[in-house]
Amino acid sequence: MSEADWRHSRPLPPFVSRWGRVVTAFLLWFAMPAAAAAQRPARDSTTKDSLPRAVLDPVTVTVTRTEAALAALPYSISSIDQRELRRGRATDGLDEALAIIPGVVVANRYNYALDQRIAVRGFGARSAFGVRGVKILLDGIPQTLPDGQGQLTNLELGDVERIEIWRGASSSLYGNASGGVISVTTGSQRPANLQSTVRLTAGAHKFRKGLVSVAAPMGAGSARAVASWTTTDGHREHSSADLRRFSFRVAQPVSPRTRLTVVGHVAHRPEALNPGALTQTEMDTLPIQAAPRNVATGAREMVTQVQGGMALRHELPQGGAVDVAVFGLRRDLEEPLPFATIDLDRWTYGVRASTTLPLSGLPTVPVVTLGVDAQWQRDDRLNRSLDGTQTTLDQFERVAEIGPFVRGVVALGSRLFLTAGARYDRVSLVVDDRLLSNGDQSGDRVLDAVSASGGITAGLTPAFVPYASVSTTFETPTTTELVNRPEGGGGLNLDLAPQRAVQYEVGFRGRPPDGRLRYSVAAFQVDVRDALIPFESVTEPGRQYFRNAGSARRRGLEAFAEVRLPAGVAAIVAYTYADYRFEEFRTTDDTFDGNEIPGIPRHRLHWSVRADGFGGVWAAVDNTYTSSFYVDDANTTEAAEWLVTSVRVGWEGGVRNWRIAPFVSVLNVFDQRYAGSVVVNARGGRFFEPAPGRSLVVGVEIGN
């Protein structure tokens, strides 16, 4: 496609380009919701325009593996409900909803062949594909493999009921690659009668998405099935994709105290073209183009994944519960890349068991959780040359992880809570080399660690809850990172060590009883040893290898506030300050001591305002600002800062017994040209993955 075929607005003058967008964004922030609120009927002058006062129920979360009151936890934990996830959104990626969570960066590659790059306090920022450093759970089933590699293939955002995010080191409960946890829940509520929903969405670049869900009571339990399909041409050349998903969930009590839940997920991506990353010059001149080498080699991904699980929960007469879950996954992947064609046949299965017991015989009534996780992974990996004539890697990889853990919470009176936990993880990796023409490079490694956490929370009042905690985290290299050896050949990279970190955190949060405000502030420092750092070789650009940095330090501040104003208006502000640096990092050629860790902006600010007007009309304006940041260890190249504004407008009402909710969204209102994501330490300057310009999304949800 020539530049003449690309319709992009002319760059604005520097002053207008930067400050004009800021001013206009703030005007939109107030004007749009005010217009919606203005549609409300006039009130009597003697009526106070205020929110009703009420005593709010305590906020509880389950991301800590047991249901717990947020007020008692010394960690940074946030939750997002279904309305925030779906209202006026395409439900095409986690970046749409997680922008309101400080400390979390979801960089959208706009490349369906690769997952979005998710980083929590810097953990996961280095990922070239999939999700690293962050544990992903879907209805309690790990989407993170025992070697630490995670993926979002089975996640249908349009069916999500709730997302909980634990920011920071959580290995004491979740083990390997737990620099943070994202726990996703779907369909947990039992419907009173047969319910069906259809959601249709269309947008720029021939984006089309449909979702159909059916839920029904089944005796004392329930059943739910969801099917979705997504197709798009992509906003860049060589970026079209076709994705189909199906899932079901059946929950049924088998006794008054015992409940059985069965879930299944199928995802089929017959083709997702991979446009690759661009240089700064290519992005400035024609950001819709694909990397020439990706086009020439037909880079793409084709994958089919099936996952199932069964969970049993038994509530104990004296309080507490026993939870047992078994699960399995089958993944069939074919991925032609610019440097090789990869065929992967993967089986993963595991079991999770835990029991929570209140020790009522002791005066402080502590609650103790004991448990164990065990997972096994079997990868049959075959790498071939681009023309398919030569086998470059043929090996069978096995990973086994076992992790017993214990966690306890002690209430000292009614306002002071002590929390402590520990876990031992043992990860064994075995490679059987079947390509013996260059010698037998079979091998094995055992990586293990003890992770611990402890903290104190003081629930002085609901409006002010201070806390402090110390936690450690443990992250092994994945099998892909271990088998990608710079010297070539099969086997394992014996020089690559696990990454370990210690996190110190203090913070406070509050939610006054009148319900007008909720807020949180957290300050933290993470000391990282042997950080896993990606790099590319001169001979194979696009293929990532890994090495360890000596030490790094991350210091940050996270702040969040949501305010409910009169006339149905609510405002949200989330800010993250991240000062992440290498303390000691030297290679044979360079010294990076004191440099900023690439891939994470120092400042990130999101502000939005929403309003519910008269007759079911609603409006929202969302703004996200990201400061510039380095994309390489040497700190020689930066991704430019950007500010993106989006507007959502819709109506929620009913016709007879049907609920109807149409919406219109304008994304990137000011047509900002920016990099949605970057490839850290890429060769040849191909760091940048462009985001689309101004685009329109329309949709409707119909249900009973």
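Read-outs: derived from the displayed coordinates by stated rules, not from any lab. Quick caveat, the model's predicted, so the values are computed rather than measured. Every residue, glycine as well, gets a Cβ built from its backbone with ideal geometry; the counts of neighbours run over all protein chains shown.
When segment 550-605 is described by a simple charge dipole with +1 on each Lys and Arg Cβ and -1 on each Asp and Glu Cβ, the residue from 582, 595, 569 located farthest towards its positive end is 569. Under the combined filter of DSSP loop state and at most 14 neighbouring Cβ atoms within 10 Å, segment 130-162 retains none of its trypsin sites (Lys or Arg not before Pro).
Annotation: extensible slack from residue 412 through residue 456 equals 14.8 nm (criterion: 0.36 nm per residue apart, minus Cα-Cα distance).
Coupling constants for segment 672-683 follow from the phi torsions by the Karplus curve (6.51 cos²θ - 1.76 cosθ + 1.60, θ = phi - 60°), and in residue order they are 5, 9, 7, 8, x, 7, 9, 9, 5, 6, 6, 7 Hz; glycine and proline get x. Along the charge dipole of segment 237-336, Cβ charges K/R +1 and D/E -1, which of 291, 312, 254 sits furthest on the positive end? Checked the options; the winner is 254. Per-residue ellipticity at 222 nm, computed for the chain from helices alone with -39500 (n - 2.57) per DSSP H run of at least four residues, works out to -1500 deg cm²/dmol.
If only the Cβ of Lys and Arg carry +1 and only the Cβ of Asp and Glu carry -1, the dipole of the chain around its Cα centre is close to 2580 debye. Value of Rg to Rh for segment 345-413, rounded to two decimals, is 1.41; Kirkwood radius and Rg both from alpha-carbon coordinates. Whole-Hz Karplus values for segment 292-299 come out as x, 5, 5, 5, 5, 9, x, 4 Hz, taken residue by residue from phi with 6.51 cos²θ - 1.76 cosθ + 1.60 and θ = phi - 60°; glycine and proline positions read x. Taking packing as the residue-averaged number of other Cβ atoms within 10 angstrom, the listed peptides 188-197, 563-572 run from highest to lowest as 563-572, 188-197.
First obtain the Kirkwood hydrodynamic radius of the chain from its Cα pairs, then insert it into the Stokes-Einstein equation at 20 °C and 1.002 mPa s, and state the resulting D in µm² per second as a whole number. D = 81 µm²/s. Per the Cα gyration tensor, segment 164-222 maps to an equivalent ellipsoid with semi-axes of 32, 24, 7 Å, ordered largest to smallest. Among 75, 110, sorting on how many other beta-carbon atoms sit within 10 Å of each Cβ, with the fewest leading, yields 110, 75.
Using the alpha-carbon positions of segment 483-642, Rg (one decimal) and Dmax (whole number) come out as 21.5, 67 Å. With contacts taken as Cα pairs under 8 Å and at least 6 residues apart, the chain reaches a relative contact order of 13 percent.
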